[in-house]
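Values quoted throughout were computed directly from the atomic coordinates according to the rules given, and no laboratory measurement underlies them. Given the structure is predicted, the values throughout are model-derived calculations rather than measurements. Using ideal geometry, Cβ is built from the backbone for each residue, glycine included, and neighbour counts are taken over all protein chains shown.
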Amino acid sequence: MNKLTLTSKSFLIPGIILLVGLIILVALPYFTPIYTAILLSTIFMYVVLTTSWAMFSGPTGQISLATAAFFGVGIYIAATLGTIMPLLVVVLIGGLVSAALALFVGGLTLRLKGIYFTIFTFGLLELMKNLLLWFEIKFTGTRGRFVVVVDYNTVYFIMLAILVLTLLTAYLIRRSKYGLALQGIGEQEEAAEHIGINVTLVKVFTFAISAFFIGAAGTIMATRWTYVDPYIAFNMNFSFTPVLMAIFGGIGPLFGPVLGAIIFAYLEEILITKFPYYYMLLFGMVMVVSVLYLPNGLVGLIQSWRARTMGGEHGNS
Amino acid sequence: MAILEGVGVTKYFGGLAAVSDVDFHVDQGEIVGLIGPNGAGKTTLFGLISAALVPKPGLIRFKGENITGLKPHQICRKGLARTFQSVKIFPNMPVISNVALGVHFGTPERVTSAQAAEEAAKLLEFVGLSATAAIPAKDLTLVNQKLLEVARALATKPEVLLLDEIMAGLNPTEIAQAMELVSKIRAQGITILMIEHVMKAIMNVCDRIMVLHHGKKIAEGTPQEIATSETVIKVYLGE
């Protein structure tokens with residue numbers, strides 16, 4: 001009883017802030033130009049991809065480059081089912097098919113360690129792309145497909161909903177015993193097995209859950225692009241960018257990847273509009289500087305700054 | 001009755017038989033010592049029992065049931081826990097979370113995180129690590145990391161506990177404490193199979209001792225019998 005009131009009190013203030021933030025985000029498209037909704041949908045997408053990636057790769061330390069593969073599956077679900085089913089159902093199917101692919105691939109490959117797993121996931125992306133390309137040309141006689149168009153505000157709201165669900169799921173996994181188990185697996189897999197953790201099961205399911213949100217995000221984003229082909233859908237940038245964003249923000253705490261994705265995505269937008277010719281150059285410089293000077297990402301910077309201002313008390317922790 | 005038993009347990013690494021046709025049994029409530037020179041196959045045998053490795057050929061029975069070929073987490077949930085010779089703690093996790101993880105996953109029962117934390121705190125007190133509950137496990141001394149492994153193994157509520165050299169590198173006072181801890185664990189009804197090089201500890205604590213040499217069991221008996229066995233003396237001191 002006592003514990004319950006204590007927790008509800010400590011959750012009150014952040015809870016109110018989150019709720020107010022959410023209300024503002026829901027109301028935003030009604031008061032701002034359409035550009036805001038488009039920009040925010042893109043930012044939300046990156047937050048979803050980065051948080052989902054960090055959900056699995058963060059604690060386990062197994063770097064996955066399959067993000068774009070799951071994202072692409074979502075995109076192709078939108079392209080094939082978009083005209084015959086209601087949008088929300090299509091988004092759900094996009095997520096589920098991605099998750100099913102992750103279950104299958106994860107079951108086969110999650111026992112691979114380190115670089116071998118990373119290379120395999122990258123190979124999966126290329127495999128999906130080329131398999132689809134071959135299939136489309138050989139059997140359907142097309143290379144690209146048109147995707148049903150949805151208005152910007154609908155994309156915005158669905159993306160916002162996926163974002164909220166992703167963050168909520170990531171938060172709940174972290175708090176649960178499975179979050180602790182994932183961390184244990186990352187730190188000392190053999191010991192984790194020997195204290196009763198079904199390592200393969202925990203890993204494969206987390207991988208699948210993260211793929212669900214990535215696939216759902218891909219499905220809804222596809223409706224903004226009107227035309228897709230395998231090269232657009234299975235673009236490797238969607239594998240690398242979330243990793244960079246998570247490293248930039250800091251992989252440890254939940255808000256690290258979120259912060260990284262928001263700032264990174266916004267920065268990309270600013271640079272690409274303000275300095276179209278020097279965009280890549282400036283972007284690269286920001287990346288190099290952050291890798292050199294922020295080994296623990298923005299979150300690490302904030303933590304060390306807090307440790308300093310609070311004095312020696314937490315200096316060592 | 002034998003709670004743990006092995007029949008013709010064999011394991012080859014390439015052409016080398018690390019463990020060769022070993023028959024053994026551990027009775028309920030016993031403390032059995034496993035000794036032998038370095039490279040004798042002791043830790044390999046532990047790996048075979050705890051399913052980190054699979055015997056080929058050979059058979060391992062736990063409470064009468066054939067457990068050969070099960071996964072390590074299944075073995076653990078059946079009530080067979082182990083510690084590691086080279087410590088395998090979760091370094092960046094607080095000490096208490098290391099143990100709590102064992103409480104959560106080591107048994108088929110469901111526990112709330114409050115129950116797990118409470119249980120973990122009790123176990124830390126049992127092994128004498130209460131004062132360090134909140135610090136990251138990597139900051140413990142090696143001796144305390146080994147005690148943490150014992151607490152974590154106990155968290156899975158084992159019926160048989162395999163202890164792999166928990167006394168290596170301890171000073172005489174710490175060895176005495178560790179011996180007392182082993183007796184305390186047995187007093188809780190837990191059967192113990194332990195690998196140890198500290199002869200004083202092995203001779204005092206164990207009911208029975210098995211000796212491995214080049215992967216083969218060369219002797220077995222009470223501490224008294226082993227201490228006076230010519231074969232064993234030959235192996236340890238040379239011809």
Next item on the list: Take the Cα pairs of the stretch A:33-314, get the Kirkwood Rh, then feed it into Stokes-Einstein at 4 °C and 1.567 mPa s and tell me D in µm²/s.
Entry: 67 µm²/s
Check: Full extension from residue A:287 to residue A:161: what is 0.36 nm times the residue separation minus their Cα-Cα distance, to one decimal in nm?
Finding: 42.4 nm
Margin query: So if I place +1 on the C-beta of Lys and Arg and -1 on the C-beta of Asp and Glu, and nothing else carries charge, what would the dipole magnitude of the stretch A:33-314 be about its Cα centre? I want it in debye, nearest 20.
Written below: 100 debye
Check: For A:57, A:210, what ranking results if the residue with the fewest other Cβ atoms within 10 Å of its Cβ goes first?
Finding: A:57, A:210
Next item on the list: Count the lysine pairs in the stretch A:33-314 whose Cα atoms sit under 26 Å apart, keeping only pairs 8 or more residues apart in sequence or on different chains.
Entry: 6
Notebook entry, point to check: Given charges of +1 on the Cβ of Lys and Arg and -1 on the Cβ of Asp and Glu, with all other atoms neutral, how large is the dipole of the protein assembly as shown about its Cα centre, in debye to the nearest 20?
Noted result: 960 debye
Checklist line | Overall Cα dimensions of the protein assembly as shown, principal axis frame, Å, largest first | finding: 91, 63, 46
Next item on the list: Count, for each residue of A:177-186, the Cβ atoms from other chains sitting within 10 Å of its Cβ, then give me the mean as a whole number.
Entry: 4
Checklist line | Rounded to the nearest 20 debye, dipole of the stretch B:30-133 from Cβ charges on Lys, Arg, Asp, Glu | finding: 440 debye
Item checked: Point-to-point label distance, residue B:54-residue A:88, nm (Cα→Cβ direction, 7 Å offset) -> 4.8 nm
Checklist line | Estimated 222 nm signal from helices in chain B, with DSSP H stretches of n ≥ 4 weighted -39500 (n - 2.57), rounded to 500 | finding: -11500 deg cm²/dmol
Note to self: Of B:227, B:117, A:295, which is farthest towards the positive pole of the protein assembly as shown's charge dipole, taken about the Cα centre with +1 and -1 on the beta-carbons of Lys, Arg and Asp, Glu respectively?
What the structure shows: A:295
Margin query: If I build a Gaussian network model for chain B, linking alpha-carbon pairs within less than 10 angstrom, which residue out of B:109, B:30, B:118 has the largest mean-square fluctuation?
Written below: B:109
Checklist line | Relative contact order of chain B, defined on C-alpha pairs under 8 angstrom at six or more residues apart (%) | finding: 26 percent
Next item on the list: Report the FRET efficiency, 1/(1 + (r/R0)^6), for residue B:135 and residue A:134, where r is their Cβ-Cβ distance and R0 is 51 Å, rounded to 0.05.
Entry: 0.35
Check: At a Förster distance of 45 Å, what's the computed FRET efficiency of residue A:146 paired with residue A:19, Cβ-Cβ distance as r, to 0.05?
Finding: 0.70
Check: Got a sec? How would B:45, B:129, A:39 order by Cβ neighbour count within 10 Å, fewest to most?
Finding: A:39, B:129, B:45
Next item on the list: May I ask for the Rg/Rh ratio of the stretch A:203-253, computed from Cα atoms with Rh as the Kirkwood radius, given to two decimals?
Entry: 1.03
Notebook entry, point to check: Using every alpha carbon pair in the stretch A:159-317, what percent of pairs falls into each 5 Å bin from 0 up to the bin containing the largest distance?
Noted result: 1, 7, 11, 16, 17, 17, 14, 9, 5, 2, 1, 0
Item checked: Shielding by other protein chains, B:94-101, mean Cβ within 10 Å -> 3
Check: Is any helix in chain A, taking whole DSSP H runs, at least 24 angstrom long along its axis by alpha carbon and on average at least 1.6 on the Kyte-Doolittle scale, and which ones?
Finding: A:2-27, A:87-109, A:199-222
Next item on the list: Give a quick list of chymotrypsin sites (Phe, Trp or Tyr not before Pro) in the stretch A:14-111 that DSSP marks as loop, anything other than H, G, I, E or B, with at most 11 other Cβ atoms within 10 Å.
Entry: A:31
Note to self: Based only on other Cβ atoms within 10 Å, what is the fewest-to-most ordering of A:248, A:283, A:240, A:117?
What the structure shows: A:240, A:283, A:117, A:248
Check: Roughly how tilted is helix B:172-187, in degrees to the nearest 10 and between 0 and 90, from the longest Cα axis of chain B?
Finding: 80 degrees
Item checked: Long-range lysine pairs (8 or more apart or interchain), the stretch B:125-239, Cα under 25 Å -> 12
Next item on the list: Report Rg(Cα)/(2.2 N^0.38 Å) for the stretch A:106-242, keeping two decimals.
Entry: 1.27
Next item on the list: State the extension gain, in nm to one decimal, for the chain segment bounded by residue A:153 and residue A:277, taking 0.36 nm per residue of separation less the distance between their alpha-carbons.
Entry: 41.6 nm
Next item on the list: Compute the separation of the alpha-carbon centres of the stretch A:26-41 and the stretch B:144-208 and state it in Å as a whole number.
Entry: 64 Å
Note to self: Calculate the FRET efficiency for residue B:112 and residue B:225 from the Cβ-Cβ distance with a Förster distance of 60 Å, rounded to the nearest 0.05.
What the structure shows: 0.75
